[in-house]
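Worksheet: one structure, shown below.
The values are calculated or read from the model by the stated rules, or taken from the named source; none is laboratory data. Predicted model, so just to flag it, every value in this text is computed and none were measured. Positions of Cβ are backbone-derived with ideal geometry, glycine not excepted, and every protein chain shown enters the neighbour counts. Side chains are part of the model used for accessible areas, which takes the heavy atoms of the whole protein and leaves out ligands, DNA and RNA. Shrake-Rupley method; radii C 1.70, N 1.55, O 1.52, S 1.80 Å.
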Amino acid sequence: MKFATKRSLATLPLIAALVACGGGDDKESVGTVDTSSGSGGLGGGSSSGGGHGTTSTPGSVTGTTGNTTETTVGKVDAALLKGAALRYVMVSTKLQVIGSIATLEQLPDGSVVSLNGNLLTGSDRSVLNLAGNSSWAQGRWAKGNALVSGKSSVLGAARNDAIHYVVYSAPKPYPATGNFTCDSGTFTAPNVVDAGTGDAFGTASGKATLSFSNGMPFLGIAVTATAGARQATVATESLRGIPGDGTIFAGGFDMVFGSDRHDGFMLTIGDGGNGKYRIVAGYQVTHKGASYLGVASFLCGP
């Protein structure tokens, strides 16, 4: 029997952090935010959350538990626009990086393999779950030699190896007021955090809301991860903040190493073009001892 667990961040501590970055400044969060690789500062912020508590409901069994793989390549609709003001987030089981982009390499297939000093190389390199257009690119580094924040690793050696990224356009000034409708979202395949538990990869779905009041955004987000017999949802409502290029950490997502990082989100907003905005999220969600990690993005328009 598959059990669906819904967890609201109303029961978790909320931490808001504004990362104010100039060109090429990266912020790596490893338990706490490490500012050694950039000159931007870390300022304070505030957030509020609400929700429904937690519930568990039964469902039907799908998939199996074991060494599952996920090989969906995906595609992009257009290459990123050169010269645009771009930012990125990158998350894995051991780190998360947030920053503005000084240098970027995008291959003809749309995969991004270089973000500032973060690189994916090797004759066997593979980038999956591709999606994007001229202002946004998303994917999952699945195989190759990865160098992220000065730390090197060989992806593909462990069954759950993955580094997820989203490249997005810096947001334009927010409107004073407005209610926006968000699409159903785009997701990379979430990987299990502990290689010894659960299926290696799963699928994700979700929804988001976005509104503005007094020039400030209010957003809600829910992401459901399904992996074999496990299914869980992490959600938060009416989260306020993310001024300018800022990033909010909701729940326990600011903690990174294994069990120290708890269910929650890393949230930011980018420009979606034509008066639209893009919600970008890194997330973690847990069910029956197995935590799953990935990225999601939602395009929201008036």
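In contact (Cβ under 8 Å) with a residue 60 or more places away in the chain and among the acidic types (Asp, Glu), is that true of residue 105?
Answer is no for this residue.
Results for (1) closer than 22 Å to residue 279 by Cβ; (2) of a type in the set (D, E, K, R); (3) part of a strand (DSSP E or B), shown as yes or no for each residue.
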{"position": "83", "(1), (2), (3)": "no, no, no"}
{"position": "124", "(1), (2), (3)": "no, yes, yes"}
{"position": "145", "(1), (2), (3)": "no, no, yes"}
{"position": "159", "(1), (2), (3)": "no, yes, no"}
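Of the residues that sit in segment 223-260 and are hydrophobic (A, V, I, L, M, F, W, C) and modelled with pLDDT under 70, which one is farthest from residue 290 (Cα to Cα)?
Top of the filtered list is 242.
Return the pair list, or none, for Cβ contacts closer than 8 Å from residues in segment 123-150 that are farther than 15 Å from residue 69 by Cβ to residues that are assigned to a strand (DSSP E or B) and among the acidic types (Asp, Glu), at least 6 apart or on different chains.
Listed pairs, sorted by first residue: 135/271; 144/124; 149/26; 149/28.
Please go through segment 95-122 and pick out each residue that is open to solvent by less than 20 Å² (accessible area, probe 1.4 Å) and closer than 15 Å to residue 146 by Cα.
Result: 95, 96, 97, 111, 112, 113, 114, 115, 118, 120.
Residue-wise test of (1) within 17 Å of the chain's Cα centre (by Cα); (2) open to solvent by less than 40 Å² (accessible area, probe 1.4 Å).
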{"residue": "153", "(1), (2)": "no, no"}
{"residue": "160", "(1), (2)": "yes, yes"}
{"residue": "163", "(1), (2)": "yes, yes"}
{"residue": "170", "(1), (2)": "yes, yes"}
{"residue": "176", "(1), (2)": "no, no"}
{"residue": "180", "(1), (2)": "no, yes"}
{"residue": "183", "(1), (2)": "yes, no"}
{"residue": "189", "(1), (2)": "yes, yes"}
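Restricting segment 123-151 to residues that are open to solvent by 50 Å² or more (accessible area, probe 1.4 Å) and of a type outside the set (S, T, N, Q), which is farthest from the chain's Cα centre (by Cα)?
Taking segment 123-151 first, the residues open to solvent by 50 Å² or more (accessible area, probe 1.4 Å) are 123-125, 134, 143, 145, 147, 150-151.
Retained after the next criterion (residues that are of a type outside the set (S, T, N, Q)): 124-125, 143, 147, 150-151.
Working: 124: 25, 125: 21, 143: 19, 147: 19, 150: 21, 151: 20 Å.
Ranking the qualifying residues of segment 123-151, first place goes to 124.
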